[in-house]
Each structure stands twice: as structure tokens, then as C-alpha cells.
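The values are calculated or read from the model by the stated rules, or taken from the named source; none is laboratory data. Here the structure is a predicted model, which is why all the values come from computation and not from measurement. Cβ atoms come from the backbone with ideal geometry, glycine included; neighbour counts cover every protein chain shown. The area values use the complete protein model at the heavy-atom level, side chains included, leaving out ligands, DNA and RNA. Shrake-Rupley method; radii C 1.70, N 1.55, O 1.52, S 1.80 Å.
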Amino acid sequence: MFTGIIQSVGLIQRLEPRSGDARLMIETGKLPLDGVVLGDSIAVNGVCLTAVALTEHGFAADVSRETLTLTTLGDLKPGSRVNLEKALTLSTPLGGHLVSGHVDGVGTLLERHEDARSWRLRIQAPDEVARYIAHKGSICVDGTSLTVNRVEGAVFELNIVPHTIQETLIGDYRPGTRVNLEVDLIARYLERLLLGDQAANPQAPGLTLQFLAEHGFVK
């Protein structure tokens with residue numbers, strides 16, 4: 001688990017293809033590696049990876065074909081900058097929100113403009129992810145915990161303060177940038193709980209207004 005508070009921006013040193021998947025070698029920058037041991041989890045652009053080798057200034061992680069396909073990690077190359085966060089502990093301040101490091105989909109930045117000292121971002125989410133994004137709810141973008149300011153269909157808007165622009169990848173974003181999205185854990189599990197017994201039926205239509213009305217959740 002993570003908090004979505006980025007601790008360092010690292011650099012991809014190498015990306016080694018390995019029989020259909022890949023191994024990443026990552027220089028961790030100011031991320032302290034004291035206390036990190038083999039097998040520990042580190043979030044890379046919001047993707048939970050396992051450290052399989054450690055060096056003085058970085059670590060290596062294997063990335064499965066599934067992860068390369070369903071996240072932006074397949075777009076990385078030597079020199080790419082990445083957001084990094086070590087897994088939280090019981091003594092870690094929960095400054096963001098609970099983040100699993102399991103990406104729900106890849107979004108695309110549509111627009112970026114300045115608003116005083118902040119930036120406003122508009123991001124297009126995949127249709128299947130949009131239903132989990134709520135006004136003033138939490139969302140994780142490339143591992144960064146952020147608050148949703150506005151939602152219009154599958155497009156949501158964020159306000160990014162100067163510190164976040166400087167300390168994360170967001171300062172590199174341009175229209176067309178692809179970003180990893182993880183929705184709030186509560187939204188994911190609430191949907192499954194509301195489905196009840198229908199959750200076990202792969203042919204069930206999912207959570208619809210008709211379903212909610214039939215079960216007394218809406219009138």
C-alpha cells in the first residue's frame with residue numbers, strides 16, 4: 001500500500017526485454033533506500049513493483065507483460081523520469097489517500113493551463129473507469145494522490161499546486177501525455193458489495209440505475 005505522496009522523481013537507467021516482459025533498472029534520486037530489502041514494494045508511476053536487485057543508487061524490478069500492456073510502463077525508455085514512492089508503514093503519515101499501486105486504466109491529458117500559481121489539468125479517463133471518479137473524490141495519477149475538482153462524463157479536472165508541479169512528473173505533462181490512473185479503493189469495493197449475489201455472475205449487467213432502484217437505493 002502507498003499514500004500517493006511522491007518521495008522522489010527517478011530516472012530509468014535501462015529497460016531490458018526479457019522473453020516477452022522486461023526488467024527496469026531505476027536510479028532513485030533522493031529516495032532513501034536505507035531499510036529497503038529485496039522483495040520490498042516501490043511504486044513507479046503509480047505501479048507497485050517488487051525490488052529484485054539493489055544498487056547504491058537504485059533498484060531493479062521485473063515488469064510483466066500484463067503490466068507493460070495495461071499501464072504506461074511500456075512507454076518508458078532510458079532517461080524517462082518516473083514518480084517513486086516506497087510502501088507505507090504503520091508509522092507513515094497518510095498525507096494522501098490509500099493507494100494500492102494497481103492501475104485501473106490509462107488516461108490522456110487533454111488540456112493544461114495556468115490558474116494563478118497553479119495548473120489546471122483536464123484528463124480523459126477510459127469509459128470503464130469514469131463511473132468511479134467523483135467530484136471532490138480522490139484519484140491517483142501516475143502515483144500522485146490528487147483531488148478531483150470537476151467531472152464531465154469521462155473527463156475530469158484537477159488543480160495542481162506549485163509544490164506538486166515541482167516535485168512530481170506533472171511538471172512534464174503536455175497535451176497528449178498518457179497517465180496511469182487508480183481510482184479510490186472505496187469506490188471499487190462499494191460497487192462489488194452493492195451487487196451482492198450478482199457479483200458472482202459474469203453475465204450480470206453490473207451496477208445500473210435500474211438495479212439501484214430495484215434494491216431501494218434510489219427512488
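Any chance you could tell me what percent of the C-alpha pair distances in the stretch 1-64 go past 20 Å? Mind showing how you got there, number by number?
Values: 387 of 2016 pairs.
Of all Cα-Cα distances in the stretch 1-64, 19 percent exceed 20 Å.
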So, in Å, what gap is there between the alpha-carbon centers of the stretch 68-91 and the stretch 29-62? 10
Cα centroid distance between the stretch 113-140 and the stretch 170-194, in Å? 9
What number, rounded to the nearest 500 deg cm²/dmol, is the helix-based mean residue ellipticity at 222 nm of the chain, given -39500 (n - 2.57) per DSSP H run of at least four residues and division by all its residues? -3500 deg cm²/dmol
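Between beta-carbons, use under 13 Å as the cut-off and find the net charge around Arg112, counting Lys and Arg +1, Asp and Glu -1.
Details: positive: Arg120, Arg122, Arg174; negative: Glu111, Glu114, Asp115, Glu157, Asp172.
Here the charged neighbours net out to -2.
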Give me the one-decimal nm value for the distance between modelled label points at Ser91 and Thr50, 7 Å along each residue's Cα-to-Cβ direction. 2.6
Given labels modelled 7 Å from the Cα in the Cβ direction, how far is it in nm from Lys77 to Asn201? 5.0
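What is the mean projected area of the alpha carbon convex hull for the chain, to one decimal in square nanometres?
Working: hull surface 56.7 nm².
The directionally averaged projection comes out at 14.2 nm².
Could you tell me the convex hull volume per residue, in Å³, taken over the Cα atoms of the stretch 42-89?
Values: hull volume 4.4 nm³, N = 48.
Roughly 92 Å³ of hull volume per residue.
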As I understand it, the dipole of the chain uses +1 on the Cβ of Lys and Arg and -1 on the Cβ of Asp and Glu, about the Cα centre. Which of Leu94, Pro162, Val129 lies farthest toward its positive end? Pro162
So if we plug the beta-carbon distance of Asp21 and Asn149 into 1/(1 + (r/R0)^6) with R0 = 35 Å, what FRET efficiency do we get, rounded to 0.05? 0.40
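Heavy-atom accessible area per residue, the stretch 8-86, 1.4 Å probe: how many Å²?
Working: 3770 Å² over 79 residues.
Using a 1.4 Å probe on heavy atoms only, each residue of the stretch 8-86 averages 48 Å².
Tell me, what is the percent relative contact order of the chain, built from C-alpha pairs under 8 Å that lie six or more residues apart? Let's see the in-between values first.
On the way: 478 pairs, mean separation 46.4, N = 219.
21 percent.
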Under 19 Å Cα to Cα from Lys30, which aspartates and glutamates show up? Leave out anything in the same chain fewer than 8 places away. Asp40, Glu56, Glu85, Asp142, Glu167, Asp172
In nm, to one decimal, how far is the Arg178 label point from the Glu157 one, both placed 7 Å along Cα→Cβ? 2.7
Tilt relative to the chain, helix 185-195 - C-alpha long axis, 0 to 90 degrees, to 10: 30
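So if the hydrodynamic radius of the stretch 105-196 is defined as the Kirkwood radius over C-alpha pairs, what does Stokes-Einstein give as its diffusion coefficient at 37 °C and 0.692 mPa s, in µm² per second? Please report the intermediate quantities before stating the final value.
Values: Rh = 13.4 Å.
Estimated via Stokes-Einstein, D reaches 244 µm²/s.
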